[in-house]
Amino acid sequence: MSLPSTIKAAYGWLVGRQGNGSLQRSYDSSDLMWSGGWGSQSATGITITQSTAMACSTVMACVRMLSSDLAKAIPGIFREEDGKRTEAKGHFLHDLLIDPNDWQTWPEFCAQMQMGLVLRGNAYAVIVRDQRSNPVYFVPINPDFCHLWESPDGSLFYMVTRSGLHQMAVLQHEPMLIPARDVLHLKGPLSSNGLTGLSPIALNREAIALSLAQEQQAARWMGNGAKPSGILTTDKLLTQDAYDRAKASWQAAQAGLANSGKTAMLEMGLKWQPLSMTSQDIEFIASRRYQDEEIARMFRIPIPMVTEVESSAKTDPDVLAQHYVNYTISDYTSIWSSRFSKVFGLRAQNLRLGFDLSVLLQSDLAARINMHRNAVMGGLETQNEGRAGIGLGPMDGADLLLTPSNSTPFGSDKSGTAPNGAGRPEKNGDGNPDQPGAN
């Protein structure tokens, strides 16, 4: 296998370590569609890359939603013991989940990683460690610049192509082929080899390319007047010079968006005859809407959240949000938490990475007040917790759970189920319980 000159030195080191020259680049079915390592050719002639895919407004809407929504969900490292869940603030990951590196906040880092995961099915971050092998920060890598390599003994390495002076500086002490233990690799839910995730935009390149092609066609029609809104007619026979002059004059005065709405001056008996929208025009508009729905389905986004459809008016926003969190966002939180657990050995420490998804499930104010009211009255949260849930400050004496008067523990005096009948009301001669104030 012929290797690029940028990794010959690293390859020579690894060959010397393994004793043979069988180091291989790892591929999956979607990588094979990625021509030249940068994009995937579609039948329309449009090459789908990360950049061209994001030029499609529906793709951008879906990617932005999945990236920014997960970035808004505050993460934390939690310890689970004896059925109790407490935040492990002393763990090193607690600080990295706030400041993953010196130049990004957690929402910025999370959104960048999530964007690579959504578009390419893989997200990579180099784990830079100190001299004691403790992680000190994460360096996110564009999936197009990171490739998995397999060694004969089954070891995995990541070849990271440095892009930019900043990335070269922060990775200056890292080898060209970085061991798998030093790379946080988030893989999409689908994989053909178990080592890398399948690229959604490579597998669905035709749907994205068709949407882009339709948008470009509509833009050219609008910009060049390729689709006439009417025709010029006359009963006279025009000479070639008269025809050319009339055509040039009309295009100069009417073609293009800049001339839209201008008054036309006609001569030589020319008459304007408007054209109505044809069935082909209606089908073209419908097909553009259908492509938007296709792309939304590709990313598992509820269609009313990214497109205007008739059913959106009948959809309860709370039900839609719950569906979105349950069936879309939860897939990604599971990928993040399980990968962190595997890379940093959290399960052995009774720890796990969790995300606070309540920000994505907030109802309107009236519904939230009613929800917290029921939780306080049911003894599920304190009054101060309920006040915090609707943005109010704490008040004195409101940190205790309230117990409903009609709900008492079994076996207590108040419930009348204590041993020996303690707590039960005494009966009078008629066999009925004595009532306070009875004659």
Worksheet item: What is the one condition in (1) out of contact with any helix residue (DSSP H, G or I) (no Cβ under 7 Å at 6 or more places or on another chain); (2) assigned by TED's automatic domain parsing to the domain that holds Q50; (3) within 28 Å of W106 (Cβ to Cβ) that E206 does not satisfy?
Response: (3)
Worksheet item: Based on what the data block shows, is V118 closer than 16 Å to W336 by Cα and in contact with a Ser or Thr (Cβ under 8 Å, 6 or more places away or on another chain)?
Response: yes
Discussion item. Looking only at region 82-132, how many residues end up being of a type in the set (G, A, S) and more than 22 Å from L346 (Cα to Cα)?
Written reply: 3
Item to complete: Taking the options Q50, Q24, Q41, name whichever one is at pLDDT 80 or above, within 30 Å of G154 (Cβ to Cβ) and of a type in the set (S, T, N, Q).
Response: Q24
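A quick yes/no check of all residues on (1) in a helix (DSSP H, G or I); (2) more than 26 Å from the chain's Cα centre (by Cα):
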{"residue": "V319", "(1), (2)": "yes, no"}
{"residue": "Q322", "(1), (2)": "yes, no"}
{"residue": "V325", "(1), (2)": "yes, no"}
{"residue": "I329", "(1), (2)": "yes, no"}
{"residue": "V359", "(1), (2)": "yes, no"}
{"residue": "I369", "(1), (2)": "yes, yes"}
{"residue": "A375", "(1), (2)": "yes, yes"}
{"residue": "G386", "(1), (2)": "yes, yes"}
{"residue": "P394", "(1), (2)": "no, yes"}
Worksheet, complete the sentence: Checked region 157-169 for anything touching a strand residue (DSSP E or B) at 6+ places or on another chain (Cβ under 8 Å) and buried (at least 17 other Cβ atoms within 10 Å of the Cβ); matches are F157, Y158, M159, V160, Q167
Item to complete: Starting from residues that are at pLDDT below 80 and surrounded by 13 or more Cβ atoms within 10 Å (Cβ to Cβ), keep the ones in region 290-316 and report whichever is nearest to S57 (Cα to Cα).
Response: T307
Worksheet item: Considering only region 160-201, how many residues are over 23 Å from S338 (Cα atoms), of a type in the set (A, V, I, L, M, F, W, C) and within 26 Å of the chain's Cα centre (by Cα)?
Response: 2
Worksheet entry | Qualifying positions in region 117-139 - within 18 Å of the chain's Cα centre (by Cα) and free of Cβ contacts under 8 Å to residues at least 40 places away in the same chain | none
Fill in: Complete set of residues in region 118-137 that are among the acidic types (D, E) and modelled with pLDDT of 95 or more
none
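The values are calculated or read from the model by the stated rules, or taken from the named source; none is laboratory data. Bear in mind the structure is a predicted one, so any value in this text is a computation, not a measurement. With ideal geometry, Cβ positions are generated from the backbone for all residues, glycine too; neighbour counts draw on all protein chains shown.
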